[in-house]
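Below is one structure, written out as structure tokens, with a few remarks after it.
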Amino acid sequence: MFESLFTSQLAVHRHRTAPLRKEREQFLEDLRRQGASQATLWQSASRLVYIVEFLNLRNLRPVTFQEIKDAAKIWLRNREPKRVRTVSRCAIYGFTGLARRFLNFHGYLTQPAKPPQPFSDRLSKFLSFLTLQKGLRPDTVRSYRWHVEQFLVWFATRHRKFSAVSLIDLDAYLLWQSKKWTAWTLRQAANTLRSFFQYARSKNWCPAVLPEAIKGPCFHSDHATPVGPTWDEVQRLLRCEKQDTPASMRVQVLLLLFSLYGLRTSEATRLLLNNFDWKSKTFLVRRAKNYTLQRFPMFATFESAVTRYLKLGRPNCQSEYLIVTLRPPYRPLDTGSVAAIINSRMTRLGIRSPRKGPQSLRHACATQLLKKDMSLQEIADFLGHRDCLTVGIYAKHDIGALKRVAALDLCRGL
């Protein structure tokens with residue numbers, strides 16, 4: 001393995017004589033099977049020598065993540081004098097990330113003990129209700145779960161019995177979270193808790209709580225103010241993302257999927273390679289809400305971006321998904337990672353809008369379609385909404401579209 005990565009005999013000797021040679025070679029071979037490039041293998045092999053040195057691993061042993069972080073800080077302070085000194089946080093992430101993958105590969109990464117979830121029986125019944133009876137998607141259920149878990153952990157520090165919960169507790173919780181959450185997150189938390197306590201009331205778990213009284217913050221913003229960025233800002237975002245790096249090529253494809261086609265995050269991240277028909281220049285999307293398949297034409301800009309990403313940016317791996325991680329193990333991006341990527345790009349360019357991320361670009365797409373005089377039903381079909389009444393949320397932020405919203409009566413019979 002090391003002879004194929006290094007030309008210097010001194011470097012080969014160093015890697016062969018460093019501790020845990022066999023374990024390091026097994027890990028590197030696994031990376032190679034997953035499709036890691038030669039450059040990635042070279043960098044990983046070089047960094048693994050420092051990992052076993054600063055973690056003092058003569059033999060494999062259980063290691064906690066805190067030990068890895070402490071070793072990374074020492075490694076960063078003690079770089080060789082001949083090397084360019086790097087104090088970037090990214091350098092620490094490279095060390096800790098590779099160390100975690102290496103130890104997890106061999107089964108020696110010690111995961112911190114997760115505290116027991118308070119009132120887990122009630123939470124699991126509620127989640128089963130959302131999945132089996134309401135038919136919500138896994139991503140949506142995870143969002144519900146996270147918000148309910150946050151409240152139950154907070155509530156368990158104040159009461160032992162779930163039946164003791166009251167509206168005063170819910171108000172106190174939302175007030176406590178308002179110190180670190182935005183108004184949008186607080187409203188989402190209130191909506192989730194309202195659904196949870198509606199289910200709890202049907203099971204007679206807490207009769208003292210009236211779910212309809214759980215309300216989040218009210219917004220009194222000007223309806224003329226759009227929720228997403230302007231179309232000029234969207235175009236500026238696309239123009240600035242044309243670098244010759246795999247990360248930039250991947251982001252450009254994501255930006256086009258959100259702004260040009262108005263896809264939801266889960267719809268974009270679940271696109272498969274075989275969803276693309278290059279002869280007819282179309283691609284299929286599995287809609288997240290109604291689970292139907294929808295065929296889109298590949299516009300020239302999007303076709304060029306996808307072709308460039310597949311040839312130069314996408315890792316050579318066996319994953320069936322279009323958008324994958326940049327480093328092995330290659331897997332589809334999760335919705336949180338995509339939101340963080342889009343948010344960072346918009347923040348870096350100084351794009352100011354009440355909401356950021358993929359949903360804001362979807363909103364900008366809908367607003368632009370309204371300006372192109374498309375009917376509400378056409379926009380609903382394009383965006384994958386169940387009916388055209390939902391499109392009113394986009395139209396109310398466009399003064400020119402308000403007159404067309406008055407014609408909603410035309411849609412009642414649909």
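None of the figures in this text is laboratory data; all of them are computed from the coordinates on show. For clarity, every value in this text was computed on a predicted model and none was experimentally measured. Quick reminder, even Gly has a Cβ in these numbers, built from the backbone with ideal geometry, and neighbours come from all protein chains shown.
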Modelled FRET efficiency - R0 35 Å, T157 with S202, Cβ distances, 0.05 increments:
0.85
With an 8 Å Cα cut-off and a minimum separation of 6 or more residues, compute the relative contact order for region 120-213 in percent.
29 percent
Scan [x] 22.9, 75; [y] 31.5, 104; [z] 25.6, 79 for the value of Rg and Dmax of the Cα atoms in Å calculated from this model and give just the label.
[z]
With charges set only on the Cβ (+1 for Lys and Arg, -1 for Asp and Glu), what does the dipole of the chain come to about its Cα centre, in debye to the nearest 20?
800 debye
So for region 2-110, using the alpha carbon gyration tensor with a ≥ b ≥ c as root eigenvalues (a/c under 1.5 gives rounded; past that, a/b versus b/c decides prolate or oblate), I'd call it rounded
For the cross-link pairs K134/K203; K125/K215; K242/K311, which exceed 18 Å when the distance is taken from alpha carbon to alpha carbon?
K125/K215
Kirkwood Rh, Cα Rg: Rg to Rh for region 120-213?
0.94
Taking the dipole about the Cα centre of the chain, with the C-beta of Lys and Arg at +1 and of Asp and Glu at -1, give me whichever of Q150, A189, A300 is farthest to the positive side.
Q150
Relative contact order of the chain, pairs being alpha-carbon contacts under 8 Å that are 6 or more residues apart, as %:
14 percent
Loop only by DSSP, 14 or fewer other Cβ within 10 Å of the Cβ. Give me the chymotrypsin sites (Phe, Trp or Tyr not before Pro) in region 132-226 that pass, ordered by residue number.
F219
Sites W184 and R14, calculated FRET efficiency, Cβ-Cβ separation with R0 60 Å, nearest 0.05:
0.70
Could you estimate the translational diffusion coefficient of region 280-379 from the Stokes-Einstein equation, with Rh from the Kirkwood formula over C-alpha pairs, at 37 °C and 0.692 mPa s, in whole µm²/s?
202 µm²/s
Starting from region 107-143, pick out the trypsin sites (Lys or Arg not before Pro) whose DSSP state is loop and whose Cβ has at most 13 other Cβ atoms within 10 Å.
K134
With charges only on Cβ, +1 for K and R and -1 for D and E, what is the dipole size of region 120-213 about its Cα centre, in debye, rounded to 20?
140 debye
Size of electric dipole in region 2-110: Cβ of Lys, Arg +1 and of Asp, Glu -1, about Cα centre, debye, nearest 20
320 debye
Show that you can apply the helix-only estimate: for the chain, add -39,500 (n - 2.57) for every DSSP H stretch of four or more residues, divide by all residues, and state [θ] at 222 nm to the nearest 500.
-16000 deg cm²/dmol
According to a simple spin-label model (label point 7 Å from Cα along Cα-to-Cβ), what is the distance in nm between A39 and D121?
5.6 nm
Among T230, Q133, Y309, which residue has its Cα positioned farthest towards the positive end of the charge dipole of the chain, with +1 placed on the Cβ of Lys and Arg, -1 on the Cβ of Asp and Glu, and the dipole taken about the Cα centre?
Y309
So for the pair E320, T282, with labels modelled 7 Å out along Cα→Cβ, what separation do we get in nm?
2.1 nm
Modelling each spin label as a point 7 Å along the Cα-to-Cβ direction, I'd like the A164/A339 distance in nm, to one decimal.
3.2 nm
In region 18-43, whose amide N lies under 13 Å from the spot 7 Å out along Cα-to-Cβ of N78? List them in ranges.
none
